[in-house]
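Data first, discussion second: the structure below is written as structure tokens.
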Amino acid sequence: MQGLLLDRDLRKSSKDSEVRSVARAITTTVMRELDASRNALLIDFLQESNLANSNGDSGEENIEYATILSGLNLYNAKLSEVYLRNADLSGTDLSGTDLVRAELGGANLSKANLIGANLTGANLSKANFTEADLTAVNLSAANLTETNLTGADLSLASGSVNTLSGADLSGADLSGVKFITKAKLELAVLCKTQLPESIDLDPDRDCK
């Protein structure tokens, strides 16, 4: 990878260039063989090398590498403030992972394992968590605007989210959840939703 950066000017290469295709193939192969902590270090390297833009000013590079993250092992990894906007993290093991203040807007986390993950202050707006396991996650100050949580397991989740405006909770399990208030749920989509016993709302309110 260092040779591609220094000798082939990878940072300035076009999306469809040969050098970028080689870099993508190398990265994909390496990440499938690494454990969670080393995968986290590789993500940091990609961002610090401007191959994955951490401030969102050039999202194309980020999306290009982020599409190879699907199904990876990132168990208990340290990824606070990581920039993974629009990333494909479907089926990824993120259980116990530190995702404090992570940028995950628009990301695909369908069927991902996030049991016990820390999502404090994370931007999850318009992210897809369909059938994801979010058991016992910390969602303090998280942004769930228009987040798709269809069929997600949020049982025992904690923390007070910033907003659930437009969030789709159809088929979601919210049993034992502490952060949910009736006022916030008024702004979400409910259909066959398993609500906490303390919430007096129709769980099928928005079924068509």
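Only the coordinates and a few stated rules stand behind these numbers; no lab work does. Since the model is a prediction, treat every value here as computed from it, not as a measurement. When we count neighbours, we look across all protein chains shown, and the Cβ atoms used for this are built from the backbone with ideal geometry, even at glycine.
Here are some notes:
- Estimated translational D of the stretch 139-183 in µm²/s (Stokes, Kirkwood radius over Cα pairs; 4 °C; 1.567 mPa s): 124
- Viscosity 1.002 mPa s, temperature 20 °C, Stokes-Einstein D of the stretch 87-208 from Kirkwood C-alpha radius, µm²/s: 158
- Each of Gly105, Gly116, Thr147 was placed along the dipole of the stretch 75-154 (beta-carbon charges, centred on the mean Cα), and the one lying farthest toward the positive end is Gly105.
- Only Lys, Arg, Asp and Glu carry charge here, each on its Cβ (+1 for the first two, -1 for the last two); on that basis the stretch 103-208 has a dipole of about 140 debye about its Cα centre.
- A DSSP coil position with no more than 15 other Cβ atoms inside 10 Å describes the following trypsin sites (Lys or Arg not before Pro) in the stretch 144-192: Lys178, Lys192.
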